[in-house]
Amino acid sequence: NHIYGTVWIFGTVGLLLFGIVGYFAVLKKTKFESVPYTENIRLSDFFKTPIVCGLIRPKIILPMNFDLDDDAKVKSVIAHECTHIRRGDNFWRLLASFTLYIHWFNPLVWICYDAFIRDMEVSCDEEVLGKSESDIRGEYAESLVSLSGSGTNPLYGGVLSFGESAIKERVKCIMNFKRATLLIVIICVAVAAALGVIFLTNPSAPG
C-alpha cells in the first residue's frame, strides 16, 4: 500500500507540474509568438488548428496560414470557438484535466475524459448549427475536416482545439443534425412540466 501511495503521489505531482508548465508555455506562445488579427483573435505559426486559450480573457488563435478570405470557414470556426468561450468550456476542460491528473491510475477516468471532450465538442457543433439562420452543415463539416488536428494534449488543460476529437463521429452528427421544430419544443416542455407535477407534488397522507 505504501508503494502504491508513493507511485500515485509521484504520478500526480509529475502530471500537475507538466500540466502547469505546458499550459503556461502555450500562453507564452500565444502572447509573444503570435500577431493580433482582431481584439480577441490572433494568428500563430505554432498551432496547426484553431484553438481557444486562456481562462481570464480567452483568445482565439488561428494558424498563420488560415484562409481568412474563405468567409464560410471563418464564420464556422469563429462561431464554434466563441461558443466554447461563452459556455466557459476551457474552464471545464481544465477542471477535467486536473481530475485526470489526480486519478491517472484509473483507466475509467481516461475513458470518461475522452467521452467528456467528445460530448463537449458535439454539443458545441449542434449549438452553432442550431443558431445559424441557414443550413451550413456542408460548409461546417468541410471546415472541421480541413482544420482537424491530432488533438490537444490533456496536459495543456484549458486549451481547446477546433478539430481535435472524433472527427468522423462529429461529421456524422453534423450531417444528421435537424433543427428542433416548434412542435417538438412544445412537446418537450409539456412532458417536462408533467414530470415535474408528478415527481414534485407531495403525495396525500393516508386517511
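The values are calculated or read from the model by the stated rules, or taken from the named source; none is laboratory data. Computed from a predicted model, the values in this text were never measured in an experiment. Cβ placement follows ideal geometry from the backbone for every residue including glycine, while neighbour counts extend to all protein chains displayed. Please note that ligands, DNA and RNA were not included when accessible areas were found on the heavy atoms of the full protein model with its side chains. Shrake-Rupley method; radii C 1.70, N 1.55, O 1.52, S 1.80 Å.
A few remarks follow.
- Residues whose amide H comes within less than 5 Å of that of Arg42, counting only those at least five positions distant or on another chain, are Tyr37, Ile60, Ile61, Leu62 (H built at 1.01 Å from N in the peptide plane).
- Global geometry of region 1-78, whether rounded, prolate or oblate, following the gyration tensor of its Cα atoms and the 1.5 cut on a/c: prolate
- Rolling a 1.4 Å probe over the protein heavy atoms of region 1-86, with every protein chain left in place, gives an accessible area that is 64 percent carbon and sulfur.
- Averaged per residue, region 1-76 has 67 square angstrom of accessible surface, using a 1.4 angstrom probe with ligands and nucleic acids left out.
- Karplus-based coupling profile of region 26-40, in residue order and whole Hz: 5, 4, 5, 4, 6, 7, 9, 10, 9, 10, x, 10, 9, 4, 10, with θ = phi - 60° in 6.51 cos²θ - 1.76 cosθ + 1.60 and x standing for Gly or Pro.
- Within-12-Å neighbourhood charge of Ser143 [Cβ basis; K, R +1; D, E -1]: -3
- Overall, region 20-94 carries a charge dipole of about 420 debye about its Cα centre when +1 sits on the Cβ of Lys and Arg and -1 on the Cβ of Asp and Glu, all other atoms neutral.
- The residues neighbouring Pro36, those whose beta-carbon lies less than 12 Å from its own, together hold a net charge of +2 under the Lys/Arg +1, Asp/Glu -1 convention.
- Couplings 3J(HN,Hα) of region 61-70, computed from phi: 10, 9, x, 4, 8, 4, 7, 6, 7, 8 Hz, in residue order, whole Hz [Karplus 6.51 cos²θ - 1.76 cosθ + 1.60, θ = phi - 60°; x for Gly and Pro].
- Considering only beta bridges that DSSP places wholly inside region 1-95, some 60 percent are antiparallel.
- Straight-line cross-link reach from Lys29 at under 21 Å between alpha-carbon atoms covers these lysines, not counting any fewer than eight positions away in the same chain: Lys48, Lys59.
- Shape analysis of region 18-138 places it in the oblate category; the axes a ≥ b ≥ c from the Cα gyration tensor give an a/c of at least 1.5, with a/b not above b/c.
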